[in-house]
């Protein structure tokens, strides 16, 4: 059996898919461990899952500050901030700890989150095969087609990162740390990614893998009224603070007695919530979807979108930054949702969008079609089989 090291950043949406994949690999007899900043990773792992703290000295406040700096930005400016303030500093900070984790766990293969660049870099330096864990499909749709200079800048930064870590210049120039040449596990399907798919290496489209994710958040389940339709409103853990105006527009739009709204936000951000609203943070999102939600209004975060579509539920999408506009366009193209403008949303426009996904059957039909594509993708089991296929034979394992 193989030894597998999974390297993740301290971001919930990037950790959660690997929990299920890692659990499946462990069930198949492999020795699995994670590597990442413990403060952000450990709370998301299941009991008993091993973790190497990549750098106790990583300044979580600095990482949070970088994310906050980009929270109010849009477009190319936001993308540049993400790389300059978050991804590249995080890669340099994590690399020593990833190196120690590789030495300690002695893996046969490394699974590296697409934004945990130190995972791929550590594997490259150690001569190990590595698999990309892609928690968003945005880059598979050529996100830099309209801004090629940005794409070139990121490629140059990735090359400089490798050379600075001791990788030969010619090897660095031919290696994209975001894309394993052997395998990418993508938690989506071609039906959602759409016709703009571009990827130069093998891809396992696993669909969302959420089976082993355990939620412990308390929730007043008796508040839910089976006679009324339910709407979940969430802007994700990193964007809620920037959502004050959006939450107010949503409160005006969804103050209606035939609907209940569960709003995943700190209550102080919605100080005058209507009586048909429940505002709390966090909420057990998967459990809510399992128990029945009729529509989701969100920021087009990839995990939220796929978790929603896996239940055949349509969406209203208000993308804010990073990959979210691309994911939103994928959903709209597939016919499973309506897009609104986050920064300029009006209550009447948002109300019309919610009415559309609740009342027009085509949106639910399209969402259910995507749910069927997810179910047929094979999930964590298929991903584990594909990972096993690239593990080199080593004696004594």
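Laboratory data are not the source of any read-out in this text; all were calculated from the coordinates shown. Not measured: the values here are computed from a predicted model. Every residue, glycine among them, receives a Cβ derived from its backbone with ideal geometry; neighbour counts consider all protein chains shown.
Numbers at a glance
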| read-out | value |
| --- | --- |
| Length gained when the stretch residue 155-residue 173 is fully extended (0.36 nm per residue, less Cα-Cα span) | 5.6 nm |
| Paramagnetic reach from residue 256 (point 7 Å along Cα→Cβ, amide N under 20 Å) across segment 322-342 | 336-342 |
| Estimated distance in nm for a label pair at residue 106 and residue 218, the labels positioned 7 Å out from Cα along Cα-to-Cβ | 4.7 |
| Residues 154, 111, sorted so that the one with the fewest Cβ neighbours within 10 Å comes first | 154, 111 |
| The chain - convex hull of alpha carbons, volume per residue in Å³ | 131 |
| Residue order, fewest to most surrounding Cβ atoms within 10 angstrom, among 24, 215, 388 | 215, 388, 24 |
| Spatial separation of Cα centroids for segment 322-368 and segment 75-128, in angstrom | 34 |
| Nearest-0.05 FRET efficiency for residue 46 and residue 280, computed from C-beta distance (R0 25 Å) | 0.55 |
| Residue 80 versus residue 163: modelled label distance in nm, points set 7 Å from Cα along the beta carbon direction | 2.1 |
| Overall form of segment 221-376 per C-alpha gyration tensor (a/c, 1.5; a/b vs b/c) | rounded |
